[in-house]
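Participant: Here's a structure for you.
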There are 2 protein chains.
Amino acid sequence: MVSIEDVTAAHARIAPYIHKTPVMRSERLDNIVGCNLFFKCENLQKAGAFKSRGAVNAVFSLPEKRAKNGVATHSSGNHGAALARAAQLRGISSYIVVPNDAKQVKKSAILAYGAEIIECEPTLKAREDTLERVVLDTGAHFVHPYDDDLIIAGQGTAALELLAQVDELDSLVVPVGGGGLLAGSAIVAHPAIKIYAAEPEMADDAYRSFKTGKLVTQHIPRTICDGLQTTVGIRNFVIMRDKVSDVLLVSEQEVIDAMRLLWTRLKQVVEPSSAVTLAAVLRNQEAFSGKRVGLILTGGNVDPDNLPFRSSI
Amino acid sequence: MVSIEDVTAAHARIAPYIHKTPVMRSERLDNIVGCNLFFKCENLQKAGAFKSRGAVNAVFSLPEKRAKNGVATHSSGNHGAALARAAQLRGISSYIVVPNDAKQVKKSAILAYGAEIIECEPTLKAREDTLERVVLDTGAHFVHPYDDDLIIAGQGTAALELLAQVDELDSLVVPVGGGGLLAGSAIVAHPAIKIYAAEPEMADDAYRSFKTGKLVTQHIPRTICDGLQTTVGIRNFVIMRDKVSDVLLVSEQEVIDAMRLLWTRLKQVVEPSSAVTLAAVLRNQEAFSGKRVGLILTGGNVDPDNLPFRSSI
């Protein structure tokens, strides 16, 4: 299992290639919510998301022999762009398998970092089959988006920084998709700090896994939080089960409301997947009342032409 | 005329009540533009705009006797909210004259700071007449939005901070509406730093005043840059004529393109009035090539339901 020393080592490894992102606050938002909120702005991270941390850690940890044929993954989102960027920084190839219905803006971001894109049908099976073929053809090393110790250690560096930037946090609220960021955060936080996972009701596999103690691997999510559609990985689930206080569910409308509040009050336009944390605090105000609460704003890659609240309300 | 010492004094006076805003950069944006851009993020300022600086300086400079009946102004924008906030901080009343077609979101921001709103017809004459009546009725002190030494000194503190945060700037690009920020910035910058004003073609009074040497006071602006619709003040014009290298015009479409670039690359959603600076640099790339360029992002009060590029492209 990943240790806090792994996260510290990851932080030293990735520091030259990532931003130490700022922590932002808003008095007016604190007044609305009734507690003290500290936002770790990974939306301002390189490539626009915390995924840069894990990707750089994974790519720069590879021995020369494993790295020389490049890296590969399947992702239409931030992990794909982050891995492409990390590979470019190390000077190796990257191969990103992307469903053929992915938005052009997402593909452009991946291409901008010099990756080769391989399109496939938009099903999990097609993704996995295509990735397997790419790995066989190229000899590239597969970097899993979350169920990977190096990725978990890399993502944990965001919370590591936050805990150094802000004293005496009572709790930490982190979105859960595959669980890389959640697991990494749980590893670095002192046991006195309560860790909460925030998840959309429409993609509640982490909630059901946590409540039943049995990992849910099959589900069909339908949420505007496109970064949280994956199911929790097994490594991530084990850490979550041990260290997380609760999984807090939020509705799609609560996500939109939180996204708008972050926009108008904090002046940060974040992805719906990032807004789940504030939505979870708003829905559980009594639990957080008067507390010092850290929230990780995970990504800022919001397409101006595709705001989720335009089409849904 | 306002001196650099006035700006330094203003900075000490307002420091407890404003944010020292961060300077942000984007490698990808630098590559697009071909120079090194340093963005002073006044969009993250208290009340969402640099106007907080001048307003706090003006309100906290008033002797007790002048302050006791409160302050007044006419503004449907950031100056109104900033003045209301400054008055609330000092514990005095504020009266803000607002045209009756102003958006509810703007009025709500002003009301949230405890101001009294007085509505009037949406003409300059009605604004001035209404303000005069308010001042006569209440004894409040009128704080002009830009043609005022204390306001100019206060706004100059943004550039003062920027110049302390970033070494060896070659030039500074500042939006011009009434000219308060421009004049304040020009006062604090070393003469070796070129000062450029950026202005929409559709509100080109500063440009015409600068080129002819004769202050244009009458014009009918029609621009999405709602913060830049005012004509330059006389104090501001005198400073501009002495210290500004050039006034750079930009089209409405260039403003929109720049706003979108700031959104997608810098992850900052700024008002169109703020995006004019990047638009001006993009339009004059050869002049800025390879240079270190400071830009002030003046405000971040963008209504999620009224993005300018939604309706115009």
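The values are calculated or read from the model by the stated rules, or taken from the named source; none is laboratory data. What you are looking at is a predicted structure, and each value in this text was computed from that prediction instead of being measured. When we count neighbours, we look across all protein chains shown, and the Cβ atoms used for this are built from the backbone with ideal geometry, even at glycine.
Results for (1) touching a His at 6+ places or on another chain (Cβ under 9 Å); (2) touching a residue at least 40 places away in the same chain (Cβ under 8 Å), shown as yes or no for each residue.
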| site | (1), (2) |
| --- | --- |
| A:V188 | no, yes |
| A:D205 | yes, no |
| A:S209 | no, no |
| A:V216 | no, no |
| A:I220 | no, no |
| A:I224 | no, yes |
| A:T230 | no, yes |
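Participant: Please enumerate the residues belonging to the stretch A:67-77 that are modelled with pLDDT under 95 and not in a loop (DSSP other than H, G, I, E, B). Step through it out loud before you land on a result.
Facilitator: Taking the stretch A:67-77 and keeping what is modelled with pLDDT under 95, we get A:74-77.
If the condition is that a residue be modelled with pLDDT under 95 and not in a loop (DSSP other than H, G, I, E, B), then A:H74 is the only one that fits.
Participant: Given (1) over 17 Å from the mean Cα position of the chain (by Cα); (2) under 24 Å from B:S289 (Cβ atoms), identify the lone condition not met by B:S209.
Facilitator: Of the numbered conditions (1) over 17 Å from the mean Cα position of the chain (by Cα); (2) under 24 Å from B:S289 (Cβ atoms), the odd one out for B:S209 is (2).
Participant: If only one of B:A159, B:A186, B:A115 is buried (at least 19 other Cβ atoms within 10 Å of the Cβ) and over 19 Å from the mean Cα position of the chain (by Cα), which one is it?
Facilitator: None of the others qualify; the one that does is B:A115.
Participant: What's the number of the only condition in (1) within 15 Å of A:A87 (Cβ to Cβ); (2) buried (at least 24 other Cβ atoms within 10 Å of the Cβ); (3) in contact with a strand residue (DSSP E or B) (Cβ under 9 Å, 6 or more places away or on another chain) that A:L62 fails to meet?
Facilitator: (2)
Participant: Please go through the stretch A:227-286 and pick out each residue that is of a type in the set (S, T, Y), within 14 Å of chain B (Cβ to nearest Cβ) and surrounded by fewer than 24 Cβ atoms within 10 Å (Cβ to Cβ).
Facilitator: At the first step, the residues of the stretch A:227-286 found to be of a type in the set (S, T, Y) are A:230-231, A:245, A:251, A:264, A:273-274, A:277.
Filter once more, so that each one left must be within 14 Å of chain B (Cβ to nearest Cβ): A:264, A:274.
Once the filter is applied, which keeps residues that are of a type in the set (S, T, Y), within 14 Å of chain B (Cβ to nearest Cβ) and surrounded by fewer than 24 Cβ atoms within 10 Å (Cβ to Cβ), the stretch A:227-286 yields only A:T264.
Participant: Given (1) in a helix (DSSP H, G or I); (2) surrounded by fewer than 21 Cβ atoms within 10 Å (Cβ to Cβ); (3) of a type outside the set (K, R); (4) in contact with a Ser or Thr (Cβ under 6 Å, 6 or more places away or on another chain), where does A:T217 come up short, assuming only one miss?
Facilitator: Answer for A:T217: the failing condition is (1).
Participant: Which ones in the stretch A:287-311 are among the hydrophobic types (A, V, I, L, M, F, W, C) and within 14 Å of another protein chain (Cβ to nearest Cβ)?
Facilitator: Taking the stretch A:287-311 and keeping what is among the hydrophobic types (A, V, I, L, M, F, W, C), we get A:287-288, A:293, A:295-297, A:302, A:307, A:309.
Answer for the stretch A:287-311, where residues must be among the hydrophobic types (A, V, I, L, M, F, W, C) and within 14 Å of another protein chain (Cβ to nearest Cβ): A:L297, A:V302, A:L307, A:F309.
Participant: So, B:S61, is that one of a type outside the set (D, E, K, R), touching a residue at least 40 places away in the same chain (Cβ under 8 Å) and more than 22 Å from B:L295 (Cα to Cα) or not?
Facilitator: On the way: of a type outside the set (D, E, K, R): yes; touching a residue at least 40 places away in the same chain (Cβ under 8 Å): yes; more than 22 Å from B:L295 (Cα to Cα): yes.
So B:S61 fits the description; yes.
Participant: Can you confirm whether the stretch B:233-249 contains a residue that is without any contact (Cβ under 8 Å) to a residue 60 or more places away in the chain, part of a loop (DSSP other than H, G, I, E, B) and not aromatic (F, W, Y)?
Facilitator: No, because not a single residue in the stretch B:233-249 is without any contact (Cβ under 8 Å) to a residue 60 or more places away in the chain, part of a loop (DSSP other than H, G, I, E, B) and not aromatic (F, W, Y).
Participant: Evaluate the following for A:Q165: is it within 15 Å of the chain's Cα centre (by Cα) and touching a residue at least 24 places away in the same chain (Cβ under 8 Å)?
Facilitator: Working: within 15 Å of the chain's Cα centre (by Cα): no; touching a residue at least 24 places away in the same chain (Cβ under 8 Å): yes.
Considered against the rule, which asks whether it is within 15 Å of the chain's Cα centre (by Cα) and touching a residue at least 24 places away in the same chain (Cβ under 8 Å), A:Q165 comes out as no.
Participant: Where residues in the stretch B:36-49 are under 13 Å from the mean Cα position of the chain (by Cα) and not in a helix (DSSP H, G or I), which of them is farthest from the other protein chains (Cβ to nearest Cβ)?
Facilitator: Of all residues in the stretch B:36-49, those under 13 Å from the mean Cα position of the chain (by Cα) come to B:40-43, B:45, B:47-49.
Filter once more, so that each one left must be not in a helix (DSSP H, G or I): B:40-41, B:45, B:49.
Details: B:K40: 14, B:C41: 9, B:Q45: 9, B:A49: 10 Å.
Only one residue tops the list, namely B:K40.
Participant: Six or more apart or on different chains, Cβ atoms under 7 Å: show the pairs whose first residue is in the stretch B:148-160 and in contact (Cβ under 8 Å) with a residue 12 or more places away in the chain and whose second is of a type in the set (F, W, Y) and buried (at least 24 other Cβ atoms within 10 Å of the Cβ).
Facilitator: Partner pairs satisfying both residue conditions: B:Q155/B:F50; B:A158/B:F50.
Participant: Okay, moving on. Just the residues that are outside any strand (DSSP E or B) and surrounded by fewer than 23 Cβ atoms within 10 Å (Cβ to Cβ), please, taken from the stretch B:162-183. Spell out the reasoning first.
Facilitator: Filtering the stretch B:162-183 for residues outside any strand (DSSP E or B) gives B:162-170, B:176-183.
Within the stretch B:162-183, B:L163, B:A164, B:Q165, B:V166, B:D167, B:E168, B:L169, B:D170 qualify.
Participant: Among the residues of the stretch B:66-97, how many are more than 13 Å from B:E116 (Cα to Cα) and crowded, with 24+ Cβ neighbours inside 10 Å?
Facilitator: Selection size over the stretch B:66-97: 5.
Participant: Given the conditions (1) under 20 Å from the mean Cα position of the chain (by Cα); (2) surrounded by fewer than 23 Cβ atoms within 10 Å (Cβ to Cβ); (3) touching a residue at least 40 places away in the same chain (Cβ under 8 Å), which single one is not true for B:A15?
Facilitator: Checking B:A15 against (1) under 20 Å from the mean Cα position of the chain (by Cα); (2) surrounded by fewer than 23 Cβ atoms within 10 Å (Cβ to Cβ); (3) touching a residue at least 40 places away in the same chain (Cβ under 8 Å), the one that fails is (3).
Participant: Which residue, of A:G213, A:G177, is under 28 Å from A:K46 (Cα atoms) and in the same structural domain as A:T8 (by TED's automatic domain parsing)?
Facilitator: Numbers: A:G213 fails: under 28 Å from A:K46 (Cα atoms).
Criteria check complete, one pass: A:G177.
Participant: Another question, then. Between a residue in the stretch B:98-116 that is at positive phi and any residue that is not in a helix (DSSP H, G or I), which pairs come within a Cβ distance under 8 Å, given they are 6 or more apart or on different chains?
Facilitator: If the second residue must be not in a helix (DSSP H, G or I), the pairs left are B:G114/B:S94.
Participant: Taking the options B:R28, B:R53, name whichever one is modelled with pLDDT under 95 and in contact with a helix residue (DSSP H, G or I) (Cβ under 8 Å, 6 or more places away or on another chain).
Facilitator: Working: B:R53 fails: modelled with pLDDT under 95.
After applying the criteria, what remains is B:R28.
Participant: On to the next question. Restricting to the stretch B:108-150, name every residue that is more than 14 Å from B:G70 (Cα to Cα), part of a helix (DSSP H, G or I) and in contact with a strand residue (DSSP E or B) (Cβ under 6 Å, 6 or more places away or on another chain).
Facilitator: Matches in the stretch B:108-150: B:I110, B:A126, B:R127, B:T130.
Participant: For B:R222, state whether it is of a type in the set (K, R) and in a loop (DSSP other than H, G, I, E, B).
Facilitator: Numbers: of a type in the set (K, R): yes; in a loop (DSSP other than H, G, I, E, B): yes.
Judged against the criteria, B:R222 is a match.
Participant: In the stretch B:17-35, how many residues are more than 14 Å from chain A (Cβ to nearest Cβ) and assigned to a helix (DSSP H, G or I)? Working first, answer last.
Facilitator: Applying the first criterion (more than 14 Å from chain A (Cβ to nearest Cβ)) to the stretch B:17-35 yields B:33-35.
Subset that is assigned to a helix (DSSP H, G or I): B:33.
Within the stretch B:17-35, residues that are more than 14 Å from chain A (Cβ to nearest Cβ) and assigned to a helix (DSSP H, G or I) number 1.
Participant: Exactly one condition in (1) in contact with a Lys or Arg (Cβ under 6 Å, 6 or more places away or on another chain); (2) free of Cβ contacts under 8 Å to residues at least 40 places away in the same chain; (3) away from chain B (no Cβ under 14 Å) is false for A:S52; which is it?
Facilitator: (3)
Participant: Go through the stretch B:118-145 and report how many residues are over 23 Å from B:L181 (Cα atoms), touching a residue at least 60 places away in the same chain (Cβ under 8 Å) and surrounded by fewer than 18 Cβ atoms within 10 Å (Cβ to Cβ).
Facilitator: Qualifying residue count for the region: 2.
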